[in-house]
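Everything below concerns the one structure shown next.
The values are calculated or read from the model by the stated rules, or taken from the named source; none is laboratory data. From a predicted model like this one, the values you see are computed outputs, not experimental measurements. Note: ideal-geometry Cβ built from the backbone for every residue, glycine included; neighbour counts use all protein chains shown. Note: accessible area is taken over every heavy atom of the protein model, side chains too, but ligands, DNA and RNA are not part of it. Shrake-Rupley method; radii C 1.70, N 1.55, O 1.52, S 1.80 Å.
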Amino acid sequence: MSAKIGIDFHGVIDAQPELFAEFCREIRKLGIKVYIISGGPEKDVARCLLEHHIEYDGLWAIYDYYAAEGKVTWFDDGSFQVPTEMWNRAKAEYCAREKIDFHIDDSPVYGKYFAASYCRYDMANEVCALKNGVEIDFKHPAEAVRKVADLVLNGS
């Protein structure tokens with residue numbers, strides 16, 4: 001079975017698409033599969049990933065998942081809502097179902113639901129921090145690739 005990582009789109013990839021294009025390309029060369037996990041909608045995320053030449057193995061969006069399940073409430077102004085608890089758990093549940101080993105996200109809210117390693121990304125400092133205090137410096141993408149690969153493949 002191959003190792004898998006998840007990367008959030010909004011607030012992570014879309015904030016620094018060139019950095020994450022390089023990161024995704026290089027980590028995939030090591031045989032690690034990349035899943036883009038987003039609030040959605042999927043078609044908008046896919047368009048942006050294509051524009052920035054961001055390589056990935058799978059794309060999943062909370063909005064599309066719950067819309068297909070009939071669990072999205074639409075309002076007259078075109079906005080929508082998914083119950084907060086369902087929304088907040090969705091990424092962690094997807095990662096558990098798909099056996100994703102490691103997830104990078106900028107939201108502190110989602111982390112508490114993850115069984116997989118959850119790395120909170122701080123765009124301002126280009127650092128991702130795990131709950132155990134380990135930090136991954138994305139200012140140096142090659143080093144970030146090496147460290148994430150070590151964590152995912154070796155648990156170190």
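Observations on the structure shown:
- Solvent exposure of region 17-156 amounts to 53 Å² per residue of accessible area, where only protein heavy atoms count and the probe is 1.4 Å.
- Three-way shape call for region 1-138 based on the alpha-carbon gyration tensor, with the a/c threshold at 1.5: prolate
- Counting charges near Glu51 (Lys, Arg +1; Asp, Glu -1) among other residues having Cβ under 12 Å from its Cβ returns a value of -2.
- Entry note, the chain: the mean residue ellipticity at 222 nm calculated from DSSP H runs of n ≥ 4, each adding -39500 (n - 2.57), is -11500 deg cm²/dmol after division by the residues and rounding to the nearest 500.
- Carbon-plus-sulfur accessible fraction, region 56-110 (probe radius 1.4 Å, protein heavy atoms only): 48%.
- Candidate residues Lys91, Lys147: accessible-area rank, largest first, probe 1.4 Å: Lys147, Lys91
- Shape of region 1-72, Cα gyration tensor, a/c cut at 1.5: oblate
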